[in-house]
Each structure stands twice: as structure tokens, then as C-alpha cells.
1. Hey, what angle do you get for helix 450-465 against the long axis of the chain, alpha-carbon based, 0 to 90 degrees rounded to 10?
2. Ranked highest first by average number of other Cβ atoms within 10 Å, how do 74-83, 269-278, 498-507 line up?
3. Taking R0 as 30 Å, what's the FRET efficiency between GLU121 and GLN206 from their Cβ-Cβ distance, rounded to 0.05?
4. Probe of 1.4 angstrom, ligands and nucleic acids ignored: what's the accessible area per residue over the stretch 351-427, in square angstrom?
5. Considering Cα pairs under 8 angstrom that are at least six residues apart, work out the relative contact order of the stretch 54-93 and quote it in whole percent.
6. Within a Cβ distance under 14 Å of PHE117, other residues only, what is the Lys/Arg minus Asp/Glu net charge?
7. Restricted to Cα positions, what overall size does the stretch 389-443 have along the principal axes? Three whole-Å values, descending.
8. Calculate the FRET efficiency for GLU146 and LYS242 from the Cβ-Cβ distance with a Förster distance of 25 Å, rounded to the nearest 0.05.
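The values are calculated or read from the model by the stated rules, or taken from the named source; none is laboratory data. Everything numeric in this text was worked out from a predicted model, so none of it was measured. Because the Cβ atoms are built from the backbone with ideal geometry, glycine has one as well, and the counts that use them run over all protein chains shown. Surface accessibility is based on the protein's heavy atoms, side chains included, excluding ligands, DNA and RNA. Shrake-Rupley method; radii C 1.70, N 1.55, O 1.52, S 1.80 Å.
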Amino acid sequence: MANSEISNHTEPMTVSEKPVLSAREVTKKYPGTVALDNVDLDIYPGKVNVILGENGAGKSTLMKIFAGVEKPTNGSLILDGEPVRINSPGKALENGIGIIYQELTVCPNLSVTENIFLAREIKNRFGVVNQKKQRNISAETLKKLEQPINPDMPVSQLRVGQQQLVEIARSLKDNVRILIMDEPTSALSSKETSILKEIISDLTSQGVAVIYISHKLDECLEIGDRFAVLRDGKLVAQAERKDASLSWIIKHMAGKNPDELYPETDHKTGKAMLKAENLCLPRTEGEGYLVDHASFTLHSGEITGIYGLMGAGRTELLESLFGLHKLATGSLFLDGKAIDGFTIDERIENGLMLIPEDRQKQGLIQTLSVAENMTLSSLKSYQKSGFISNKLEKIAVNDYIKKLLIRLSDPGQPVVTLSGGNQQKVVIAKCMLTNPKVLMMDEPTRGVDVGAKYDIFKIMSDFAARDTSVLFTSSELREIMEMSDRVLVLARGKITADLRGQDITEKAILDACVIRNKEEKRKSA
């Protein structure tokens, strides 16, 4: 353990530069909770300032205060050595502070260019938008990100990772001197992440202060210069790069060692629970398939991981099983019953459930409360004489809040007020309340902290122990290897490997990810 561990109310670290932005005794209170408690934090120019903490620790709240979205209950902000009031996002931008939010804020019905310049349009003296100039700047910014995205394309036609890149492009084009990145790589491929890292390096070399939040701890250690850990709204530890380590971070965040994050996964495989035969999903544009004649059988008591590079068809496979794509063909059997042609509601009633990748748009209804979201898919279970029993519903909600350790002040509060990790737990609770026979989870740990990851992994393991079949995807190879009894590898929509036990190795998985590309090159040669 590093000698630089610092307890509550830590002494500032000795650095040669002066901070560009500082929080002094910043406190933020909401009804029933204290999100930030007397936080003192310095942000330095030309550095990657990493802010760490579990979901609900106060990271995003502090960033929203820096960005003018929230106002502190008490305390002050210091910019370039002088007190400053940042009471709106516009004021933050005037002071050179930009932010990339954890949850997507794009408008799907607008084009890429319109999103990049949303509320910041370039206008002439008559108030007319200079669309040509905006498009050129958008194209140039996307080129820096090495993205072949058409600036005129509606954002709704982009996958989640590309929408995240539009968010990033929006901030990059403003030439800010303090850039806040809240989970910027949560939906990006490894290639896109590498490009972003190069851009971050370029920004810091120009003196830009980057504030970086991510639950991908290895990523933080790779690019971070300074590290600060928040827990329960308080600053509990700080370290410079030379003194930070994975164990140091996890100890201060969650009180765990890295090896304790994955529960045991030695499950007893039972009967066939879901069988897919020649499952296909054709591309809507061009030839070929997003899911290419996939055949496999899932068994009760088994956790099956799906791994593949970006664009391999992981999400499309789960969505096809769930009935979200009308063009999908093939035969499906759930617990011995043919479910071809079943609606999504009928598949849920028969025991199939999906936790989607995008919890904001597909997993939750933001205007509803935590309790209403949790019981949305299982309302029939609480009916008495044709009416919903509030008592039964309340018992179920409170039970799962305790089981999943969901941090909230009241089940009646809007779900949008929860942290990202706690929102994810609400989605999981909604699915669990349907008592699924097959639980499908698409990137279940995206954007959640190490503590919440352990909780989610434990839920998966407990489900398998109850003879449920669990099918999940993850972009993090270690998660796939640690949690899976069996791994299906996808490459361009086709299953290229079915691995079990000792055959689940990093080399075997990665080789299967690229083998199809090599075969196609040989055929075309």
C-alpha cells in the first residue's frame, strides 16, 4: 500500500503549478441526503485530474457545480485565484469550463451538426444560423476523433458509442481550458478509447485541465496525473500518479481488494432453458447479417458471457432473442416451448427478460419514481380483484431495495435523481421482479463503480444458483473471463467460439474475435 494514503480533510499535495479551479468547503444538500460535505479540491492545468468514488459518492454532483448545472448549498469556487459564481452552464462556458456528461444528452431527432452546436449556434448579425460553417467545424472535429460520421446524419441512426463521440465533439469544438469528462469511454470501443486518450494527451500538453471520471480503474491509472477519492460526499484520499495503485483506489473506494470483486461462479448446469436455431438478423442497409445464423443452447444454472469487438452483434443478438427486431428469423425455444412470433410481453410472461445497454432510454422511464419503475414489468403480480395492491407492491419494492443495496432517500423519489449505478440496480430489480427463467444482461456494469459491480456480479451468481440461465455481454474481457461458466465469441454476427472451463483464456477469446476477418480476407484474395 502506498505511503501517500490520506485520511479525511486531507492536506493539499505539494505541486509546483497553481490550481486553475478550486472547490472550498463545498457542500450540497438535497432533501434527505447530503451529496457533498465540505469538499476542498484543487484542479491543476495541464493535468488529468482523476476523481474516483462509488456511485452516490458525490462525483457527478461536484462536476455539475463546476459546470454551473447545480449551485452549492455552502462553500465557494475559486477560478484563477479569484472567487467566481458559476450559476449556469453558459456562465461556465464563458469561463472556459466544458463538460461531457455521463448520461447521453443528445437529441435523437436532430443531425450530428445540430447536436454539436445545440444552444451554441453560429449566427450572423441578423440571427441567421451559418449552417455551412457549423457543418465544416463539425466535420473537422469528427475527423480529429477519426470518426467517419456524416455530420448531416440524424443522431438516432448512430449506435450508442457514436452518440457518445458526438457528445465529446460538442465539447472539443468549444476550445475550453477546463474539460470535465464524466464516464466518457463507457460506451466506446477499444479503438475509440485509444483515440480519446490521444486527444486527452494533446489537450493537457496545451495546458488544458482535464477532470476525468471513470469506473474503469485501469484506464484511470494509465492516463491520470492526480487522483482524488470521494466517499459518502467527502474527500477521503488524494495521491499523485507515483503513489496511486489499483489496490489503493479500491481500498479507499470500497474497502475491498481487487481479487474480492468477483464472487465464485462454480455452478451446476441443469436442463436446456433457451435454444436458438439459425437466428439471423439481416442488415437494413447493404448485404449480410448483424446476427449470422447463430445456434446455441443455454442451460439453467449457467452464466454465459458473450464477447466480441465493437460491431460484432452482441446487442443485436440479445435484442433478437427478446423480440425487438421484426426482421429476425430463426427458431427459438424457451423451456421447451416454441416462442417464435411471441410479442415482447409474451416472452416476459414465459420467463425471458432483458436488461438493456442504455438504461436511460430503454430501461427506465425518467418521469416515474423508483418504485413505479421497479414494478413496471410485473404489475400483474400485485393485482387483487383487478386492482393493484399498494401494500403488496410496497413490500416487493422495499425488499429489492434492501437486496440490491439501492441508495436512495425514498422509493417515491424520481428515478432520475439517483446515481448511474443505483439507476442500473433499479433496472435489475425491475427484471428480477418478473422471476425470469432466462435473464439477459447487456453491459450490466457499464458506468457503475467497483462496489456496485460486485453487487451486480453477486446478483448474477445468485440467479444462476437458483437455476436461472444468465446471458450477459461486456466490453471488459476480465469480467467475461471471471464471471462466465461458458463464453460465446461473436465476430461480425457469427459465433466463432464456444468456450468452457479451462478453454476460457484471453488468447482463445481474442483469436476468435478476429478469425472471421482473416477468413474473409483469404476468400476475397
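1. Helix 450-465 sits at roughly 10 degrees to that axis.
2. Taking the mean over residues of other Cβ atoms within 10 Å, the ranking is 269-278, 74-83, 498-507.
3. Taking R0 as 30 Å, the efficiency between GLU121 and GLN206 is 0.70.
4. 49 Å²
5. Relative contact order comes out at 39 percent.
6. +1
7. Cα extents, longest axis first: 30, 28, 16 Å.
8. 0.20
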